[in-house]
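As structure tokens, the structure follows; a few thoughts come after it.
FYI, it's all coordinate maths here, none of it is from the lab. This structure is a prediction, so every number in the text was calculated from the model and none was measured. Every residue, glycine as well, gets a Cβ built from its backbone with ideal geometry; the counts of neighbours run over all protein chains shown.
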Amino acid sequence: MKNRTLLHYAVLPPIILNVWAIILYLPYYMLVYTESDLVRNISAGDVTFVSYIGVLLVEWAFVISILRRLKRDAVPLRQMLAPEGSLLSFRPLPALATILGVNVLFALYFLGLTQLYGDTLSSAYAGIALWQRIAIIVLVPVSAAFCEELIWRAYIPDLMAARQAGFWRIIVLSSLSFALIHGIFFVDKLLVTFVFGGLLAFYVLKERNLVPAMAGHWLVNLWSFGLYLFW
């Protein structure tokens with residue numbers, strides 16, 4: 001039963017989200033290059049917006065499933081967020097180092113992408129409406145920080161620990177699952193999200209508090225989406 005539950009949360013989200021991306025983007029770009037008249041009223045930004053809505057729905061479906069399991073087992077959410085104390089009972093220096101570390105990591109990655117691809121980075125958002133930009137910048141960072149940290153830095157590691165998995169095995173496998181939800185099509189993105197997930201997993205396993213990980217994740221998403229959407 002524990003094995004099936006672990007597979008359910010570690011394997012299904014990457015499969016669903018990658019299939020969703022293929023279903024959404026492949027037909028659209030095939031039509032763009034072959035029958036552009038059929039999609040002339042649909043911008044790349046519209047497709048990207050629908051993509052994010054799909055990601056939010058999938059991640060919240062899994063989070064709701066986790067919350068129901070926690071309620072069934074009489075485990076308060078607060079215990080998942082801070083197993084050994086209150087939500088704010090974390091040491092400041094490790095928390096700040098982790099938040100700074102993941103933000104520096106993504107800043108360097110973003111800088112490298114800018115040097116390589118320039119303005120083509122924002123092509124996925126071409127034609128996106130202002131209300132869609134605002135919806136993304138408000139909803140996605142908060143949702144990703146809560147849902148993804150709860151699933152990949154708390155619940156999956158707990159399931160693995162219950163199976164006697166070791167410290168580094170938990171970090172590697174949970175970070176691999178986390179990286180795969182961001183797409184299997186770009187090796188550079190897989191690598192940076194794997195390292196990102198590993199840094200946060202290391203912190204959470206050591207410090208036993210999810211709040212700084214959520215804060216760091218939220219901040220990375222906030223400024224990176226802000227640059228993509230409004231730069």
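Observations, loosely collected:
- Of all positions in the range 105-122, at least one carries a residue that is closer than 22 Å to L210 by Cα, out of contact with any Ser or Thr (no Cβ under 9 Å at 6 or more places or on another chain) and surrounded by 15 or more Cβ atoms within 10 Å (Cβ to Cβ).
- Failed item, numbered, when V11 is tested on (1) within 16 Å of the chain's Cα centre (by Cα); (2) surrounded by 15 or more Cβ atoms within 10 Å (Cβ to Cβ); (3) closer than 24 Å to L199 by Cβ: (2)
- The range 195-231 - residue that is more than 15 Å from the chain's Cα centre (by Cα) and not in a helix (DSSP H, G or I) and, of those, farthest from Q79 (Cα to Cα): W231
- Hits in the range 175-194 - residues which are in a helix (DSSP H, G or I) and either in contact with a helix residue (DSSP H, G or I) (Cβ under 6 Å, 6 or more places away or on another chain) or touching a residue at least 24 places away in the same chain (Cβ under 8 Å) (or both): S175, S177, F178, A179, L180, D188, L190, V192, T193, F194
- Of L70, L26, all but one fail to be more than 16 Å from the chain's Cα centre (by Cα), free of Cβ contacts under 8 Å to residues at least 60 places away in the same chain and loosely packed, with under 11 Cβ neighbours inside 10 Å; the exception is L26.
Yes or no, residue by residue, for (1) over 23 Å from L17 (Cα atoms); (2) among the basic types (K, R):
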| residue | (1), (2) |
| --- | --- |
| M80 | yes, no |
| R91 | yes, yes |
| A135 | no, no |
| A144 | no, no |
| E149 | no, no |
| Y155 | no, no |
| A161 | yes, no |
| G166 | yes, no |
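Per-residue answers, yes or no, for (1) under 20 Å from P157 (Cα atoms); (2) touching a strand residue (DSSP E or B) at 6+ places or on another chain (Cβ under 6 Å); (3) not hydrophobic (A, V, I, L, M, F, W, C):
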{"residue": "L180", "(1), (2), (3)": "yes, no, no"}
{"residue": "F194", "(1), (2), (3)": "yes, no, no"}
{"residue": "F202", "(1), (2), (3)": "yes, no, no"}
{"residue": "E207", "(1), (2), (3)": "yes, no, yes"}
{"residue": "P212", "(1), (2), (3)": "yes, no, yes"}
{"residue": "L227", "(1), (2), (3)": "no, no, no"}
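- Any hit, the range 185-202, residues being buried (at least 19 other Cβ atoms within 10 Å of the Cβ), over 30 Å from S123 (Cα atoms) and not hydrophobic (A, V, I, L, M, F, W, C): no
- Some residue of the range 158-167 being closer than 24 Å to A215 by Cα, within 15 Å of the chain's Cα centre (by Cα) and not charged (D, E, K, R): no
- Only one of F90, F49 that is surrounded by 12 or more Cβ atoms within 10 Å (Cβ to Cβ), touching a Pro at 6+ places or on another chain (Cβ under 8 Å) and in contact (Cβ under 8 Å) with a residue 60 or more places away in the chain: F90
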